[in-house]
Amino acid sequence: QVQVVESGGGLVQAGGSLRLSCAASGRTFSIYRMGWFRQAPGKEREFVAHIIWKIGSTTYADSVRGRFTISRDTAKNTIYLQMNSLKLEDTAVYYCAAREGWSAHGMVPYDYEYWGQGTQVTVSS
């Protein structure tokens, strides 16, 4: 069993930056992949970024590539999402997710077993 808890959301002006954190606990040694998803009102949950825990390789959605950076701190069992050059369309609830076993893709919600409760990011003009 793995638990993940997000933090760091808030209100930021367009063009600004924000860093989200997600702390994992439980069977953290078994985590294969952790990722970030987001969901805006009336829209489906969409992939943002993920990281392979063991090797640190990353994947990004086209909409955030070059602006967002996902990283990990293995000692703290924590991943981060550094969000720069924020846009109004980045406004959403951001969710941290983890998968305990291997999977090939990691860009769809059903690829993850464990989810945090979300943290709100609001970008204002």
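Centroid-to-centroid, using Cα positions, region 64-125 and region 32-46 are 7 Å apart. Highest mean packing first, where packing is the average number of other Cβ atoms within 10 Å per residue, the peptides 38-47, 79-88, 62-71 line up as 79-88, 62-71, 38-47.
Around the Cα centre of the chain, unit charges on the Cβ atoms of Lys, Arg, Asp and Glu (plus for the first two, minus for the last two) sum to a dipole of about 240 debye.
For the chain, with all protein chains in place and a probe radius of 1.4 Å, 50% of the accessible heavy-atom surface sits on carbon or sulfur.
For the chain, the residue among A75, G26, Q1 whose Cα projects farthest onto the positive side of the dipole built from Cβ charges is A75. Taking 26 Å as the straight-line reach from the Cα of K87, the lysines in range (excluding those fewer than 8 positions away in the same chain) are K43. Using a probe of 1.4 Å on the protein chains alone, the accessible area found for Y94 is around 0 Å².
At full extension, W102 and A40 could sit 19.5 nm farther apart than now, given 0.36 nm per residue minus the alpha carbon distance. Accessible surface area normalised per residue over the chain is 51 Å², counting heavy atoms of protein chains with a 1.4 Å rolling probe. Excluding same-chain neighbours fewer than eight residues apart, the aspartates and glutamates reachable from K54 by a Cα-Cα span under 18 Å are D73, E100, D111, E113.
Length gained on full extension, E89 to Q13, computed as 0.36 nm times the residue gap minus the Cα-Cα distance: 26.2 nm. About its Cα centre, the dipole of region 1-69 is roughly 140 debye, where the only charges are +1 on Lys and Arg Cβ and -1 on Asp and Glu Cβ. Computed over protein heavy atoms with a 1.4 angstrom probe, the accessible surface ordering of W53, W115, W102, largest first, is W102, W115, W53.
The values are calculated or read from the model by the stated rules, or taken from the named source; none is laboratory data. As the structure is a computational prediction, the values presented were derived from the model and not from experiment. We place every Cβ from the backbone using ideal geometry, glycine too, and count neighbours over all the protein chains shown. Areas reflect the complete protein model, heavy atoms only, side chains present, ligands, DNA and RNA absent. Shrake-Rupley method; radii C 1.70, N 1.55, O 1.52, S 1.80 Å.
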